[in-house]
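Report on the structure given below.
The values are calculated or read from the model by the stated rules, or taken from the named source; none is laboratory data. Just so we're clear, the structure is a prediction, and the values are computed from it rather than from any experiment. Note: ideal-geometry Cβ built from the backbone for every residue, glycine included; neighbour counts use all protein chains shown. Heavy atoms of the whole protein, side chains included, go into the accessibility calculation; ligands, DNA and RNA do not. Shrake-Rupley method; radii C 1.70, N 1.55, O 1.52, S 1.80 Å.
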There are 2 protein chains.
Amino acid sequence: MLANDPTEILKRNQLKNTKQRVRVLEEIGADDAAISQPDLEKKLGKEIDRVTLYRILNAYEDKGILHRIIDHNGTANYAICSSNCSSHHHQDEHVHFNCSICAKVYCLPVNVPQITIPNGFKTESISFVAYGVCDKCSAEN
Amino acid sequence: MLANDPTEILKRNQLKNTKQRVRVLEEIGADDAAISQPDLEKKLGKEIDRVTLYRILNAYEDKGILHRIIDHNGTANYAICSSNCSSHHHQDEHVHFNCSICAKVYCLPVNVPQITIPNGFKTESISFVAYGVCDKCSAEN
DNA sequence: TTAAGATATGCAATTGTATTGCATTAATTA
DNA sequence: TAATTAATGCAATACAATTGCATATCTTAA
């Protein structure tokens, strides 16, 4: 019944309930920060084939289950969408923070501010990523 | 004497004046939008080795001559910094626009708005990329 | 103007990231 | 539980990025 129970999420999105898909949701849900594709692969590489992992992540992004954040290095990071995101229209456009030391990507509780875009440009989504040193890495130095 | 004359830029930044470096600056300066690494490689691949191109781009970014914008796909795009950027502290933090049709990255004349970051996080730079359809592609459809 | 030193370049090899096609396996449903 | 439908794993491939090293080029100081 939990809204973020993997089985529930899969059912809600008409995706087959496979152990690989459940594992991906568990792994991403377990982390407070977003998790990168390479890290996911390190954690799940023995259970799930690389290709399957890519396909699962793409399927989740299409359904709006995950959102993808491209970090400073161009690496894909994934986090579970907080609320009603739909295909190709993610509602949770909050600010992300990418740490230059631990490389983690955090979802900050800060909304992306409104801006005025020149005429003729049609905005579909916005990526706002602050880059710097996170609280944990700041404290350790 | 022009501030964006390639030879001047190289001298100002204590970089050796080589024909490869001049060509990269010419090519990036010629485009109104930022240009992607793959496109640069297509244009310059016969004159400049891939590896050299990567090294030149990195050197320029370190010196603050270029700024790098990671687009929606994680691809690096480069544009000439408008004004006094220094190593690792790029001043021109304006909004970028990444077109989903032509894939171009535009530097918009809009500054990145200020936001409040949680305590402990130290921001060094900000990436603000709006994703959607650009004015030219909108007009064509 | 040129020789010496410092640095950039190109090549070959390697690593990492992402995608495609296809045979096999697993999940759903009636 | 059998039939259908979709997901997975494997092999192959494409593309992006980096490293080490020999060679070539630029700069400078005589």
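Remarks
- Sites B:HIS94 and B:GLU47, calculated FRET efficiency, Cβ-Cβ separation with R0 51 Å, nearest 0.05: 0.95
- Solvent exposure, largest accessible area first (probe 1.4 Å, DNA, RNA and ligands not counted), of A:VAL133, B:VAL51, A:VAL105: B:VAL51, A:VAL133, A:VAL105
- Leaving ligands and nucleic acids aside, the A/B contact buries around 2800 square angstrom of accessible area in total at a 1.4 Å probe radius.
- Whether chain A is rounded, prolate or oblate, judged on the alpha carbon gyration tensor where a/c under 1.5 counts as rounded: oblate
- Nonlocal amide H pairs with B:VAL110, under 5 Å, H built at 1.01 Å: B:VAL95
- Nearby lysines by direct alpha-carbon distance to B:LYS136 (threshold 27 angstrom, same-chain neighbours under 8 apart not counted): A:LYS122, B:LYS42, B:LYS43, B:LYS104
- Accessible surface of B:VAL95 - all protein chains present, 1.4 Å probe, nearest 10 Å²: 0 Å²
- Calculated log₁₀ intensity ratio I(q)/I(0) where the Debye formula runs over C-alpha points of the stretch B:1-82, q = 0.15, 0.22, 0.24 Å⁻¹: -0.47, -1.06, -1.27
- Extension gain, A:ALA59 back to A:ASP31 (0.36 nm per residue minus Cα-Cα distance, nm): 8.1 nm
- Over chain B, relative contact order from alpha-carbon pairs under 8 Å, at least 6 apart, %: 19 percent
- Amide H contacts for A:THR75 (H built 1.01 Å from N in the peptide plane; partners 5 or more residues away or on another chain; cut-off under 5 Å): none found.
- DSSP bridge orientation in the stretch B:6-139 - percent antiparallel, rounded to nearest 5: 75 percent
- Calculated [222 nm] ellipticity per residue, helices only, for chain B: -9500 deg cm²/dmol; basis is -39500 (n - 2.57) per DSSP H run with n ≥ 4, divided by all residues, nearest 500.
- Less than 5 angstrom separates the built amide H of A:SER36 from those of A:TYR78, all sequence-distant by 5 or more or on a different chain.
- Cubic angstrom per residue, convex hull over Cα atoms of the protein assembly as shown: 165 Å³
- Rolling a 1.4 Å probe over the protein heavy atoms of chain A, with every protein chain left in place, gives an accessible area that is 48 percent carbon and sulfur.
- Separation of alpha-carbon centers, the stretch A:1-61 and the stretch B:114-128, rounded to whole Å: 29 Å
- Phi-derived couplings, Karplus 6.51 cos²θ - 1.76 cosθ + 1.60 at θ = phi - 60°, listed residue by residue for the stretch B:118-126: x, 4, x, 8, 10, 7, 9, 8, 10 Hz, with x used for Gly and Pro.
- Legend: residues A:ASP31, B:ASP62, B:ASP71, sorted from most to least accessible area (1.4 Å probe; ligands, DNA and RNA excluded), read B:ASP62, A:ASP31, B:ASP71.
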